[in-house]
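The values are calculated or read from the model by the stated rules, or taken from the named source; none is laboratory data. Predicted, not measured: the structure shown is a model, and the values here were computed from it. FYI the Cβ positions are ideal-geometry reconstructions off the backbone, even for glycines, and counts take in every protein chain you see. With ligands, DNA and RNA removed, areas are computed over all heavy atoms of the protein, side chains included. Shrake-Rupley method; radii C 1.70, N 1.55, O 1.52, S 1.80 Å.
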Amino acid sequence: MSEPAIFNPARETMSREQIEQLQLERLQATVNRVYRNVAFYGRRFEQLDLAPEDVASLADLVRLPLTTKQDLRDSYPYGMFALPLREVVRVHCSSGTTGQRTVVGYTKNDLADWAEAVARNLAAAGVTKDEVVQIFFGYGLFSGGFGFHAGAEALGASVIPMSSADIAQQIEIMHDFRTTVLCGTPSYALQMAEALEERGINPNELHLRIGVFGAEPWSEQTRQEIEKRLFLQAFDVYGLSEMGGPGVAAECRERCGLHITEDFFLPEIVAPDTGEPLPDGREGELVLTTLSKEAFPLLRYRTGDLTSLDRTPCACGRTTARMARVQRRTDDVIFIRGSNVSPHDIEAVLKQIEEVGPRYRIVVERRGALDVLEVQVEMRELPDLGTITNLERLEADLAERLRAAAGMRVEVRLLEPRSLAEVQDSDSQVIDRRRL
Ligand code: DLL
């Protein structure tokens with residue numbers, strides 16, 4: 001077996017001055033590109049009375065406009081692309097909701113950079129070309145499967161593109177093909193561990209060594225549980241579709257924060273309420289600027305993820321900034337079955353139906369091996385006893401509309417009028433009963 005190595009030492013072990021010089025050059029190029037080619041940014045620069053030449057140092061970053069998810073939604077589908085579609089060779093979308101997708105484009109160069117970034121992430125976890133890598137992130141509009149696929153191939157590993165095949169198949173392949181590395185969501189990894197136990201398969205019979213898990217928050221306790229039950233070492237990997245997908249940051253074998261691929265992404269932390277920059281070590285909202293993207297460059301994108309930065313060198317030899325593991329968001333996005341569901345989208349559906357409201361609750365539960373999303377909503381009036389069929393019809397109609405909005409089956413529970421009256425406005429509408 002070859003020793004785990006730094007995939008691109010020239011990029012991952014630069015001095016702070018070198019990193020910052022490269023970031024400044026790339027930031028200036030990006031600013032020029034979006035100013036000229038993306039109408040949204042052209043307008044923002046005008047409003048702020050800002051010209052691309054005003055970015056003379058990294059300290060000028062804070063003068064640039066922030067970009068929000070809503071800005072991306074408003075420009076659906078291609079409004080934020082900086083190049084004509086002719087140059088775009090791939091698109092992916094943010095996962096989950098079908099109503100409010102955001103679309104991300106890639107040029108050939110963007111795809112090559114993406115593969116490099118994920119290859120670095122995998123190498124940081126100790127993955128080498130000798131590994132058999134089973135990828136159970138979904139392949140499709142979601143960026144996870146394709147991103148890991150390209151990264152693992154760039155590393156030279158042997159890739160098994162399982163995508164979201166069922167657990168029985170995953171286990172059969174893992175066993176027969178002697179899989180050594182698993183890549184997927186931690187929640188699905190836990191379900192695999194349970195399935196192994198149910199089938200009486202001892203993980204000793206498998207060849208697993210390393211798990212690279214992400215796309216949703218998971219705790220240290222979950223990590224320990226997965227490691228104990230699958231006989232592997234588990235590493236956290238972070239990304240988001242707006243930045244192209246996975247490849248933004250990942251843990252090395254020291255597991256003391258996630259190394260950011262800083263030549264591709266410029267990180268900042270801001271106060272979620274005011275947008276004011278916060279110093280290293282302070283927790284706040286992660287804001288990212290793309291530094292190499294051709295098709296879909298973004299300035300100061302508000303990720304909604306809460307974390308902190310550490311720019312001190314790491315014992316692994318990498319000098320790139322590290323971010324703390326993301327455990328919370330600034331909003332109530334629910335991570336369920338590999339998708340992200342926003343309570344806003346649920347609420348938008350409920351508001352369209354006059355018989356229900358105003359108060360509602362979203363309850364997430366684990367039932368057997370399945371995570372279930374239930375929407376409990378008050379009825380405006382108590383229906384007559386004779387209208388059971390109408391009630392059933394209402395429930396079915398609501399379930400169908402919510403399924404379309406959430407991109408998955410949603411259970412509906414109609415509640416008596418005012419039964420949620422005691423719920424305070426400040427209370428979260430989301431009750432997550434799963435063990436995270
Ligand atoms: O989840 C991209 C990805 C694929 C990342 C595979 C890692 C591995 P989205 O569907 O756009 O993209 O979801 C992005 O998921 O803003 C975080 O809130 C959350 N998230 C992603 N990774 C982690 C993680 C992909 N390791 C959103 N820990 C992000 C906690 C994570 N949250």
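Brief remarks on what is shown
- With the simple model of a label 7 Å out from the Cα in the direction of the Cβ, R433 to A369 spans 2.2 nm.
- Accessible surface of S342, taken over heavy atoms with a 1.4 Å probe and every protein chain present, rounds to 20 Å².
- Residue among G284, G42, G214 with the largest mean-square fluctuation in a Gaussian network model of the chain, springs linking Cα atoms under 10 Å: G42
- Computed from phi, the 3J(HN,Hα) profile of the stretch 239-248 under the Karplus parametrisation 6.51, -1.76, 1.60 (θ = phi - 60°) reads x, 8, 4, 4, 9, x, x, x, x, 7 Hz, with x in place of Gly and Pro.
- Positive dipole terminus of the stretch 21-78, leading residue within L72, N37, Q23 (C-beta point charges): L72
- Only DSSP H runs of four or more residues enter the estimate; each adds -39500 (n - 2.57), and after division by the residues of the chain the mean residue ellipticity at 222 nm equals -9500 deg cm²/dmol.
- Take every DSSP beta bridge whose two residues both sit in the stretch 9-331; close to 60 percent of them are antiparallel.
- Euclidean distance of C-alpha centroids, the stretch 327-404 and the stretch 253-301, integer Å: 33 Å
- With at most 11 neighbouring Cβ atoms within 10 Å, loop GluC sites (Glu not before Pro) (DSSP) excluded, longest segment of the chain: 1-353
- Of L398, L420, L350, the one that fluctuates the most in a GNM where the chain has Cα springs shorter than 10 Å: L420
- Dipole check for the stretch 322-424: with +1 at the C-beta of Lys and Arg, -1 at the C-beta of Asp and Glu, and the Cα centre as origin, the magnitude is about 780 Debye.
- Ranking D397, D263 by solvent-accessible area of protein heavy atoms (1.4 Å probe, all protein chains present), from largest to smallest, gives D397, D263.
- Per-pair calculated FRET efficiency, R0 = 35 Å: A29 and Q424 via Cβ, rounded to 0.05: 0.10
- Charge dipole (debye, nearest 20) of the stretch 144-202; +1 at Cβ of Lys and Arg, -1 at Cβ of Asp and Glu: 180 debye
- Cα-based shape type of the stretch 327-436, given that a ≥ b ≥ c are square roots of the gyration tensor eigenvalues and the cut on a/c is 1.5: prolate
- Pairs of Cα atoms nearer than 8 Å and 6+ residues apart set the relative contact order; for the chain it is 15 percent.
- Set of the stretch 188-228 residues, backbone N closer than 17 Å to the point 7 Å along the Cα-Cβ line of E411: none
- Within the stretch 155-252, trypsin sites (Lys or Arg not before Pro) in DSSP loop having at most 13 other beta-carbon neighbours inside 10 Å: R178, R199
- Nearest-10 value in Å² for the accessible area of T312, using the 1.4 Å probe: 70 Å²
- Within the stretch 9-331, the proportion of Cα pairs with more than 39 Å between them is 12 percent.
- Comparing V62, H149, S219 along the charge dipole axis of the stretch 9-331, the residue lying farthest to the positive side is H149, per the Cβ-charge model.
- Per residue solvent-accessible surface (Å²) - the chain, probe of 1.4 Å: 44 Å²
- Only the Cβ atoms of Lys and Arg (+1) and of Asp and Glu (-1) were treated as charged; on that basis the dipole of the chain about its Cα centre amounts to roughly 660 debye.
- Among the protein heavy atoms of the chain, carbon and sulfur supply 48% of the accessible surface, probe 1.4 Å, non-protein parts ignored.
- Computed on the stretch 210-361, with alpha-carbon pairs under 8 angstrom and 6+ residues apart, the relative contact order is 17 percent.
- The modelled label-to-label distance between A315 and A404, using points 7 Å beyond Cα along the C-beta direction, is 5.5 nm.
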